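Just below is one structure, and these are the notes that go with it.
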Amino acid sequence: TDKVDIVSYKSKTQRITKQLREICAILTGLVVATDYKTGQQLCVDRDFKDNEEFFQDVFEIGRRHKVMNPEKMRSEYGKMVYLLQDSQSPQVQELLEFRLVKPLKTVYSFLKARNGEGLLADANMELAT
């Protein structure tokens, strides 16, 4: 509530954009703390739009983790989804200058990109998996 009570913004879009930039800065800091060399590459010019793919991958990992483990991240996942929904607003994207969301990778989308959907209909698929 301190963000709402103390700091005043001219618009909801500005508040959301600032919060998203703070989250991206925290994620970058976690990478620096984990692997300094990789983190330095992310921090070269402190421009988040140059690291768009990295941030998209991070949020996709969170989404995939929830899909594979529905009993985990119960409240955190909902907050992340709201955050990603807010980031899709055209006004927010204009201020951020990049997208946080990319389509979730699935086996079907992987096979479809390679014209391999027929593999899913193969009679031996059940035995193979």
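Can you spot a residue in region 66-77 that is within 21 Å of Ile26 (Cβ to Cβ) and among the small types (Gly, Ala, Ser)? Break it down stepwise before answering.
Here is the first cut: in region 66-77, the residues within 21 Å of Ile26 (Cβ to Cβ) are 66, 72-73, 75-77.
Those left that are additionally among the small types (Gly, Ala, Ser): 75.
Scanning region 66-77, I find at least one residue that is within 21 Å of Ile26 (Cβ to Cβ) and among the small types (Gly, Ala, Ser), so the answer is yes.
The set of residues from region 8-24 being surrounded by 13 or more Cβ atoms within 10 Å (Cβ to Cβ) and over 13 Å from the mean Cα position of the chain (by Cα) comprises Tyr9, Thr13, Gln14, Arg15, Ile16, Thr17, Lys18, Gln19.
Table: residues versus (1) at pLDDT below 80; (2) closer than 25 Å to Leu104 by Cα; (3) loosely packed, with under 10 Cβ neighbours inside 10 Å.
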| residue | (1), (2), (3) |
| --- | --- |
| Thr34 | no, no, yes |
| Gln40 | yes, no, no |
| Asp45 | yes, no, yes |
| Asp50 | no, yes, no |
| Phe55 | no, yes, no |
| Arg64 | no, yes, no |
| Ser75 | no, yes, yes |
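Please go through region 42-62 and give me each residue that is part of a loop (DSSP other than H, G, I, E, B) and either among the basic types (Lys, Arg) or under 20 Å from Lys18 (Cβ atoms) (or both), ordered by number. Please lay out each step first, then the result.
Our first condition is that a residue be part of a loop (DSSP other than H, G, I, E, B); within region 42-62, this holds for 43-47.
Selection gives Cys43, Asp45, Arg46, Asp47.
Selection of region 80-121 for residues being surrounded by 11 or more Cβ atoms within 10 Å (Cβ to Cβ), over 20 Å from the mean Cα position of the chain (by Cα) and outside any helix (DSSP H, G or I) yields only Gly116.
The values are calculated or read from the model by the stated rules, or taken from the named source; none is laboratory data. From a predicted model like this one, the values you see are computed outputs, not experimental measurements. Glycine gets a Cβ as well: all are built from the backbone with ideal geometry, and neighbour counts include every protein chain shown.
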